[in-house]
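Take a look at the structure set out below.
The values are calculated or read from the model by the stated rules, or taken from the named source; none is laboratory data. These numbers come from a predicted model, not from an experiment. Glycine also receives a Cβ, built like all others from the backbone with ideal geometry; neighbour counts cover every protein chain displayed.
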Amino acid sequence: MTDILDHQIAEPDSLANPRHDWASDNARRRIKKRYGRDRLLRAFGLGAVITALMLLAILIASLTYTGYVAFYTTKVKVDIFLDPQIIDKENPGKTKYRKITKQAFYAYFPDVKNRKDKRNLSKILSSGAQYIVRDYVVAHPEKIGETVTINLPLSDPFDQLHKGVIPRWIDAAGKNGGNGEKMLNPRFKSEKVLVWFDNLVARDMLSSPFSWELFVNADSRFPELAGLAGAFTGSLLALLVCFLISFPVGIAAAIYLEEFAPKNRFTDFIEVNINNLAAVPSVVFGLLGLAVFINFFGLPRSVPLVGGMALALMTLPTIIVSTRAALKAVPPSIREAALGVGASRHEVVLHHVLPLAMPGILTGTIIGLAQALGETAPLLLIGMNAFIPSIENLGLMEPATALPTQIFAWGDSPERGFVSRTSAAILVLIGFLVMMNLVAIYLRQKFERKW
Amino acid sequence: MNMNVETPKEPVDAMTFQLPEELQVKVKTRDVNVHYGEKQALFDINLDVPANHVVSLIGPSGCGKSTYLRCLNRMNDIIDIARVSGKIELDGLDIYDKNIDVVELRARVGMVFQKPNPFPKSIFDNVAYGPRIHGLADNKTELEEIVVTSLQKAGLFDEVKDRLKDSGTGLSGGQQQRLCIARAIATRPEVILMDEPASALDPIATAVIEELIDELRQNFTIIIVTHSMQQAARISQYTAFFHLGYLVEVGDTEQIFTNPVDRRTQDYITGRFG
Ligand SMILES: Nc1ncnc2c1ncn2[C@@H]1O[C@H](COP(=O)(O)OP(=O)(O)O)[C@@H](O)[C@H]1O
Ligand SMILES: [Mg+2]
């Protein structure tokens, strides 16, 4: 310290000294070094960005690689005689279609006589095939008595075989760790079924249309029929509840803290706690929801109402923090202008500050909701991972599942078809998240203001 | 500013100057002190502002001109740490009285800020906002009339009459400032406070504003802070010189600029500090 002072006093007019020699080797070296550091910093930044992008690309690529097969289903074209003797014309939904479906399929294999073979043969078809026939008849009752062609899905092993996901033969797992011997993939009952399958292929009866089932069906035990519709509905309802709670409460809290609360220890304390709340692991909010909403208030388990409330606890801090930031970003000159013409404090907020902050608030809200959409732990804790095989009666107070919990459930299932469906569901979820974030970016850009 | 000006121990009696008897006092300030937390920003200010005149407040920056101006429409209320004591009267009415509604006060004492700050709304809505919240117009026609007259008085109407629906923020700086003046006029104030209204404007826009201020004097009492002494000399009849939180000298503008009594005023107007 004193050194520096002495130095300055010793050379009071260092600026008057001979000019710095910009051409000297020393100066050149220094400049070169500075540019070198610039480049290094830029390289680091670029490297980081590329790494992040690459990781993202790897994630998407691997999901797509395993998941794309779930976006189509292997189906077999079957002519079915809708026998009026069997089908109850008055009440076609009540009939058992198992037999009609099986008989129609057996007709393609007249050589198969024995019962056991027939049973194995019928296993090529999805177990849900009969319901597809039923739905068809219910939708077209006038077709009863005619022969119609219906595209029926294959059961999972054959679907996967046709998609090339599983092999026919696998290494025989001997004690010596596989000595090149092959054995029939145990998913297939016998070599015969493979012959029949090849027969279907040879007769050009198989096709691979886009799998609307993935989007319009509810969950199912059979992967080829399992869809996300139940999860969509559940997520939508839960997000709706979450939004209806966290948006008004979050904005009100933020407005109070930002515009009205006196600045003192107590409000500082609240502020710190809200920021802490944003960092609390989501599973804790799930536990809280379980303890408060279900155990204390006695609300039912597994329902979107409770799920949405648990998610709202989680989203609230995000919305409060982003709303406060948006309110803060409104320039004080606007407040002064409004106060200057005699607006009261609530008029300043409601007429000027809030509308100007709204794009920022919406951006924050959408990002909060996107987080909530992907959140699994709280939903698992309150049991919102019910098995929902039908989308008939879904409601705020009905057991439901959601996208992430559906993914969780599928990821846990042993059938091969659920592996690709899990990846496909993750892709769909990511698609939703990207869409929500795009909306947020759009809002931000559209309403971005230059003051 | 590390000028070695001795801080006066005693409050300066700026009231050696008396307004001519026949002038009606619009704003009367008595012993006003303002603190920002521990720091005192204004010391015992005494000032009478005559109706339908322009009074300039001059002085080096940080001397408390804006603080004083904000006392007059109680804009200091929104600064948590600001504390105002003393008495300020508008037409004999104590504006810091408990029964005074600041909302009404600010309609009666309009303000124009240093940086033009139109609302990011249409030109029409900018001017109509005040009358709307105060319920000054009973119907749409009346409101339109107020807007048009205000814009006319602010000398802006001819320039914007075809685009009243356009955003106020799309105007040029000078136009924006006149829009802000129109917005202030629209609540039918008696006093207009202006805090360096031309400091962000180019010379031509400044000239327009100065001319406007002179015209507005017919209908309003104007108190204007300015850092330009030429401007003060051009537009105001009375000038008050602030220094380090004290009101050092008040007087006829001409007298202040040609024959100041206090040495600090002299130093300031001859450009020796500030
Ligand atoms: N909001 C505030 N908080 C704390 N101090 C302030 C605030 N506004 C002004 N001051 C202080 O009060 C004094 C007078 O400021 P101001 O009235 O803005 O001066 P001027 O307008 O003459 O430049 C300055 O010292 C300034 O630092
Ligand atoms: Mg100022």
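Which of the residues that make up segment B:41-79 are within 9 Å of ligand 1 (Cβ to nearest atom), within 26 Å of A:N264 (Cα to Cα) and not charged (D, E, K, R)?
B:A41, B:L42, B:T67, B:N76, B:I79
Does A:P404 count as within 26 Å of A:N437 (Cα to Cα), within 14 Å of another protein chain (Cβ to nearest Cβ), part of a helix (DSSP H, G or I) and of a type outside the set (A, V, I, L, M)?
The answer is no for A:P404.
Looking only at segment B:90-124, which residues are in a helix (DSSP H, G or I) and either crowded, with 20+ Cβ neighbours inside 10 Å or within 10 Å of chain A (Cβ to nearest Cβ) (or both)?
B:V102, B:V103, B:E104, B:L105, B:R106, B:A107, B:R108, B:I123
Among (1) outside any helix (DSSP H, G or I); (2) away from ligand 1 (no atom under 16 Å from the Cβ), which single condition is B:I204 missing?
Status for B:I204: all satisfied but (1).
Can you report the number of residues in segment B:38-67 which are buried (at least 18 other Cβ atoms within 10 Å of the Cβ), within 16 Å of ligand 2 (Cβ to nearest atom) and over 15 Å from B:A232 (Cβ atoms)?
Going through segment B:38-67 one residue at a time, the tally reaches 6.
Return the total of residues in segment B:185-201 being within 13 Å of ligand 1 (Cβ to nearest atom) and within 12 Å of chain A (Cβ to nearest Cβ).
Selection size over segment B:185-201: 3.
Take segment B:17-33 and flag every residue that is within 21 Å of B:I192 (Cβ to Cβ) and within 16 Å of ligand 1 (Cβ to nearest atom). Working first, answer last.
Taking segment B:17-33 and keeping what is within 21 Å of B:I192 (Cβ to Cβ), we get B:19, B:23-29, B:32.
The answer is B:T29, B:V32.
Buried (at least 21 other Cβ atoms within 10 Å of the Cβ) and modelled with pLDDT under 95: does that describe A:M384?
Values: buried (at least 21 other Cβ atoms within 10 Å of the Cβ): yes; modelled with pLDDT under 95: yes.
Judged against the criteria, A:M384 is a match.
Looking only at segment B:56-74, which residues are within 14 Å of chain A (Cβ to nearest Cβ), on the phi < 0 side of the Ramachandran plot and either assigned to a loop (DSSP other than H, G, I, E, B) or more than 12 Å from the chain's Cα centre (by Cα) (or both)?
Answer for segment B:56-74, where residues must be within 14 Å of chain A (Cβ to nearest Cβ), on the phi < 0 side of the Ramachandran plot and either assigned to a loop (DSSP other than H, G, I, E, B) or more than 12 Å from the chain's Cα centre (by Cα) (or both): just B:N73.
Any chance segment A:407-418 includes a residue that's crowded, with 23+ Cβ neighbours inside 10 Å, basic (K, R) and part of a helix (DSSP H, G or I)?
no
If we scan segment B:250-263, do we find a residue that is crowded, with 22+ Cβ neighbours inside 10 Å and over 24 Å from B:L90 (Cβ atoms)?
Among the residues of segment B:250-263, at least one is crowded, with 22+ Cβ neighbours inside 10 Å and over 24 Å from B:L90 (Cβ atoms), which makes the answer yes.
Out of curiosity, is A:N217 polar (S, T, N, Q) and over 31 Å from the mean Cα position of the chain (by Cα)?
So A:N217 fails the test.
Tell me, which residue of segment B:80-91 that is closer than 22 Å to A:S344 by Cα and out of contact with any helix residue (DSSP H, G or I) (no Cβ under 8 Å at 6 or more places or on another chain) is farthest from ligand 1 (Cβ to nearest atom)? Break it down stepwise before answering.
Restricting attention to segment B:80-91, the residues satisfying the condition of being closer than 22 Å to A:S344 by Cα are B:80-84, B:88-90.
Still in the list and also out of contact with any helix residue (DSSP H, G or I) (no Cβ under 8 Å at 6 or more places or on another chain): B:80-81, B:83, B:89.
Numbers: B:D80: 9, B:I81: 6, B:R83: 11, B:E89: 21 Å.
Top of the filtered list is B:E89.
Tell me whether segment B:222-241 contains one or more residues that are buried (at least 18 other Cβ atoms within 10 Å of the Cβ), within 16 Å of ligand 1 (Cβ to nearest atom), in contact (Cβ under 8 Å) with a residue 12 or more places away in the chain and part of a loop (DSSP other than H, G, I, E, B).
Yes: one or more hits.
Take the residues of segment B:160-175 that are within 11 Å of another protein chain (Cβ to nearest Cβ) and surrounded by fewer than 23 Cβ atoms within 10 Å (Cβ to Cβ): which is farthest from ligand 1 (Cβ to nearest atom)? Give the derivation first.
Residues of segment B:160-175 within 11 Å of another protein chain (Cβ to nearest Cβ): B:167-169.
Going one step further and asking which of them are surrounded by fewer than 23 Cβ atoms within 10 Å (Cβ to Cβ), we end up with B:167, B:169.
Details: B:S167: 30, B:T169: 25 Å.
In this case the residue turns out to be B:S167.
For segment A:76-122, name all the residues that are basic (K, R), touching a helix residue (DSSP H, G or I) at 6+ places or on another chain (Cβ under 9 Å) and closer than 26 Å to A:S211 by Cα.
Answer for segment A:76-122, where residues must be basic (K, R), touching a helix residue (DSSP H, G or I) at 6+ places or on another chain (Cβ under 9 Å) and closer than 26 Å to A:S211 by Cα: A:K96, A:R98, A:K99, A:K102.
Can you tell which of A:F232, A:F243, A:F266, A:F247 is of a type in the set (F, W, Y) and surrounded by fewer than 20 Cβ atoms within 10 Å (Cβ to Cβ)?
None of the other options fit; the residue is A:F266.
When segment A:251-287 is examined, which residues are found to be touching a helix residue (DSSP H, G or I) at 6+ places or on another chain (Cβ under 9 Å) and not in a helix (DSSP H, G or I)?
A:A261, A:V280, A:P281
If a residue must be more than 16 Å from ligand 2 (Cβ to nearest atom), touching a residue at least 40 places away in the same chain (Cβ under 8 Å) and within 14 Å of chain A (Cβ to nearest Cβ), how many such residues does segment B:75-89 contain?
Going through segment B:75-89 one residue at a time, the tally reaches 1.
Sort out which residues of segment B:189-211 are surrounded by fewer than 18 Cβ atoms within 10 Å (Cβ to Cβ) and either within 16 Å of ligand 2 (Cβ to nearest atom) or at positive phi (or both), and write them in order of number.
Matches in segment B:189-211: B:S199, B:A200.
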